[in-house]
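See structure below.
What follows draws every value from the coordinates through simple rules; no lab data is involved. Computed from a prediction, not measured in an experiment: that's the story for all the values here. Note that each Cβ is placed from the backbone with ideal geometry, even for glycine, and that neighbours are counted across all protein chains shown.
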Amino acid sequence: MDAMGKTRSVLTLTGRLINEAVSFFVFSFLDLVDFVLCFLYKLADLFFEAEWKPCYCSSSKEVITNCGKILVSEQGESKIVCLSSTKLQLEEISDTLYTRPSLLSEVSKMTTRETKRGSAVRSTFTANSTIVEMLQGKIGGQICHPIPRWSDCDCKFCTSWTSSCKETLYVRAEGPRDHDAREDVLFIHGFISSSAFWTETVFPNLSRAAKSNFRFFAIDLLGFGRSPKPADSMYTLREHLDMIEQSVLEPHKVKSFHIVAHSLGCILALALAVKHPNSIKSLTLLAPPYFPVPKGAQATQHVMRMVAPRRVWPVIAFGASIACWYEHISRTVCLLICKNHRFVEFVAKLVTRNRMRTFLLEGFFCHTHNAAWHTLHNVICGSAGKMDAYLDTVRDHLNCDVNVFHGMDDELIPAECSYNVQCRVPRARVKVIEQKDHITIVVGRQKAFTRELEAIWNNSSRTG
């Protein structure tokens with residue numbers, strides 16, 4: 001037994017070293033590719049849209065742009081932020097958008113430092129009232145570029161929101177049409193997904209009693225599915241919450257409700273619960289991305305490395321790293337796949353003989369790069385420093401039930417994240433399900449999961 005254990009340890013260590021070595025070379029190459037793509041996309045944007053658009057690796061010369069973004073210098077670092085009609089909300093912008101250390105970036109920084117030493121003039125820009133007022137006047141008389149951009153899909157499904165005068169989220173509602181429902185349930189999907197994650201799994205399996213007593217709302221988050229995908233949005237946590245409120249809570253007069261959320265949606269669920277503490281009946285979180293930040297570490301950068309570790313294995317970690325670390329490579333993926341999703345879906349159905357669950361493909365493909373890129377950084381990474389406070393508020397000031405589900409085989413968000421939630425909120429009930437991953441925690445066991453949800457709602461209603 002000892003020999004087998006030692007052999008297993010040696011093999012594990014060897015595999016880890018090989019993974020790290022291969023990852024180093026692969027991601028060093030990708031750093032270079034992203035650098036080259038930066039210039040190619042500038043030329044493409046100039047050709048297709050007659051505008052040389054900045055990105056998060058832009059030089060400090062590109063301070064003011066026609067799309068309402070400005071470059072802000074803060075504590076020696078620079079970042080591009082979007083101008084709000086009222087004020088700049090810098091606290092909503094994650095530094096991971098413009099600070100993602102890599103071998104190439106470190107070399108560039110060293111070169112920049114040497115250049116600055118020989119220069120007597122240094123240009124820096126700060127966000128002050130003069131710049132804001134000037135930009136407000138500049139933007140006021142400007143005609144916005146049409147949506148979508150040249151690199152985004154323009155099919156009827158992806159642009160269905162443009163046919164409505166109201167820029168509200170796409171909401172799929174079921175249950176009593178009047179206001180006689182006992183309570184309401186809000187479903188929030190995860191990253192690069194859609195409301196179909198719920199409407200194709202949970203909704204068809206709801207019991208007759210649940211349908212008669214509850215109203216159900218499944219939304220497409222801002223930038224995803226059939227919801228608006230504004231090109232000038234920064235997709236901050238605040239923007240997502242505001243859209244949920246004005247699309248569901250306010251028009252449907254939702255006063256008391258349960259929340260069911262998956263992955264990234266768990267962050268929005270916690271923020272929403274903290275904002276409406278007296279309205280929450282229960283919180284059901286699936287695979288919550290909660291990574292406690294070590295003392296002295298920078299929260300946003302720590303979470304970025306946990307979610308996207310720059311490793312080629314497992315495959316899902318490699319995909320997350322591409323999406324998180326590379327602005328231009330991830331845009332290329334969206335250009336090739338999301339813009340051509342109808343063809344990809346056709347091929348997938350053909351190859352799998354129409355056995356593939358197409359609603360998962362729709363959720364994965366129907367978004368823009370701008371929405372995915374900013375949501376990933378500004379919500380998942382940007383909320384890293386807020387998660388402890390959110391959970392503490394749930395623990396100390398909310399009386400709602402808290403239930404957490406996780407797949408044991410989840411390679412994207414490890415099961416430890418759910419136990420971390422329980423450590424912060426001791427009353428939270430955690431259920432880790434064997435042989436289930438980030439998606440199959442629901443898909444494939446939707447009947448059992450729906451029964452579990454109904455039990456949670458009924459129990460919370462009785463105790464509340």
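Points worth noting:
- Cα gyration tensor, the range 292-451 - rounded (a/c under 1.5), prolate or oblate: oblate
- Interchain or long-range residues, amide H under 5 Å from VAL430's placed H: VAL404
- Extension gain for the segment THR14 to VAL344, taken as residue separation times 0.36 nm less the Cα-Cα distance, is 115.1 nm to one decimal.
- Cα gyration tensor shape of the range 289-330, rounded if a/c is under 1.5, else prolate or oblate by comparing a/b with b/c: prolate
- Extension gain, ALA209-GLN246: 0.36 nm per intervening residue step, less the Cα-Cα distance, totals 10.5 nm.
- Protection proxy ranking for 230-240, 214-224, using the average of other Cβ atoms within 10 Å per residue and placing the highest first: 214-224, 230-240.
- Sorting 278-285, 444-451 by average packing, meaning the other beta carbons within 10 Å per residue, from highest down gives 278-285, 444-451.
- Subset of LYS53/LYS229; LYS229/LYS386; LYS275/LYS295 violating a 20 Å alpha-carbon distance limit: LYS229/LYS386; LYS275/LYS295
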